[in-house]
1. Within segment 30-47, track down each residue that is under 22 Å from H77 (Cα atoms) and assigned to a helix (DSSP H, G or I).
2. Got a sec? Which of K216, K207 is within 16 Å of ligand 1 (Cβ to nearest atom), touching a strand residue (DSSP E or B) at 6+ places or on another chain (Cβ under 7 Å) and of a type in the set (K, R)?
3. Going by the conditions given, is E196 over 30 Å from L162 (Cβ atoms), within 16 Å of ligand 2 (Cβ to nearest atom) and out of contact with any strand residue (DSSP E or B) (no Cβ under 8 Å at 6 or more places or on another chain)?
4. Kindly provide the set of residues from segment 16-73 that are closer than 23 Å to E107 by Cβ and of a type in the set (S, T, N, Q), ordered by number.
5. Restricting attention to helices (runs of 4 or more DSSP H) lying wholly within segment 134-244, give those where 2 or more residues are in contact (Cβ under 8 Å) with a residue 12 or more places away in the chain.
6. Could you check how many residues of segment 171-185 are of a type outside the set (A, V, I, L, M) and touching a strand residue (DSSP E or B) at 6+ places or on another chain (Cβ under 6 Å)?
7. Any chance segment 34-57 includes a residue that's touching an Asp or Glu at 6+ places or on another chain (Cβ under 6 Å), over 30 Å from P204 (Cβ atoms) and crowded, with 16+ Cβ neighbours inside 10 Å?
8. Just to be sure, is M73 surrounded by 11 or more Cβ atoms within 10 Å (Cβ to Cβ), out of contact with any Leu (no Cβ under 6 Å at 6 or more places or on another chain) and of a type in the set (A, V, I, L, M, F, W, C)?
Amino acid sequence: MNDKELLETACLYGRNALLWRQKFIGLLPEIHKRELYKKKGCSSIFEFAAKFGGLSNDQVRLTLKLEERFTEMPKLHEQLVTGEVSINKLARIASIATKENEVELSEIVQNMSQKAVETLVRDEKFTGMRAQTLTLNDEVKNRLIVLQEKGIDINELISSALNKREQEIAEEKAQPVELATSRPLPAKTEKLLTKEHGTKCSIPTCKKPSEVIHHKQTFALSHRHDPNYLAPLCKEHHEIAHAINLKVRSYKSVN
Ligand SMILES: [Zn+2]
Ligand SMILES: [Zn+2]
């Protein structure tokens, strides 16, 4: 075997090994219920799983716990027992899954990486949470204090400055967008996005730097860099956006 063949064969075997392991894990709850491990001379499901699948007690415990947790969630239950989705991903999802959202979750999660799943779950848990500290520099602080002492309503002042900014962005976004010939964004559009979203991912709860400008309208079809349909996203939220895209619109809109 040459280097390339050796490496590719190893990767293929590795992927298959993971897949078969996942399928093995999926069968454990039923083997446990029917106490079939006894027929192989094992005293418990833990011994059976270690002997035939090289699993740790923790992994078996997690599997049994998930199976119980998904009793009334048939879709997630199916993903577990068929070995379609790993127990690590399902464990994350379990913390936000309900009877109402389990079908949507199972569809989204299917092809997502572990990291993206973790991000999705974190978003759900911390929706609405914001940093509470403002860092005003001394100059701005002093100027505001002076104004406040003069009896000027500084909240209204700041509020109108923010409104003005939003207005400007809205006007720029309302400009007609020409057909684009290439994929890189025009400098003007990039500037506008930075003005609107700063340098971070545009998902409100996310503080990671933006790495990709996501086209909410597929560029290959629209041929437009319309800022109304562009979103700077971090790597994980980009993956989530594509997983959710067209699938579950109501779940969480990506702005
Ligand atoms: Zn994208
Ligand atoms: Zn993000």
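1. Keep residues of segment 30-47 that are under 22 Å from H77 (Cα atoms), which gives 30-37, 45-46.
Matches in segment 30-47: E30, I31, H32, K33, L36, Y37, I45, F46.
2. On the way: K207 fails: within 16 Å of ligand 1 (Cβ to nearest atom).
Result of the check over K216, K207: K216.
3. On the way: over 30 Å from L162 (Cβ atoms): no; within 16 Å of ligand 2 (Cβ to nearest atom): yes; out of contact with any strand residue (DSSP E or B) (no Cβ under 8 Å at 6 or more places or on another chain): yes.
So E196 fails the test.
4. Answer for segment 16-73, where residues must be closer than 23 Å to E107 by Cβ and of a type in the set (S, T, N, Q): Q22, T63, T71.
5. Details: elements: 138-149, 154-174, 187-197, 219-222, 235-244.
Fully inside segment 134-244 and qualifying: 154-174, 187-197, 235-244.
6. Quick first cut of segment 171-185, residues of a type outside the set (A, V, I, L, M) only: 171-173, 175-176, 178, 181-184.
Filter once more, so that each one left must be touching a strand residue (DSSP E or B) at 6+ places or on another chain (Cβ under 6 Å): none.
Qualifying residue count for the region: 0.
7. Of all residues in segment 34-57, those touching an Asp or Glu at 6+ places or on another chain (Cβ under 6 Å) come to none.
Scanning segment 34-57, I find no residue that is touching an Asp or Glu at 6+ places or on another chain (Cβ under 6 Å), over 30 Å from P204 (Cβ atoms) and crowded, with 16+ Cβ neighbours inside 10 Å, so the answer is no.
8. On the way: surrounded by 11 or more Cβ atoms within 10 Å (Cβ to Cβ): yes; out of contact with any Leu (no Cβ under 6 Å at 6 or more places or on another chain): yes; of a type in the set (A, V, I, L, M, F, W, C): yes.
In short, yes.
The values are calculated or read from the model by the stated rules, or taken from the named source; none is laboratory data. Keep in mind that what you see is a predicted model, and the values were worked out from it rather than measured. Heads up, the Cβs are rebuilt from the backbone with ideal geometry, glycines too, and the neighbour counts pull from every protein chain shown.
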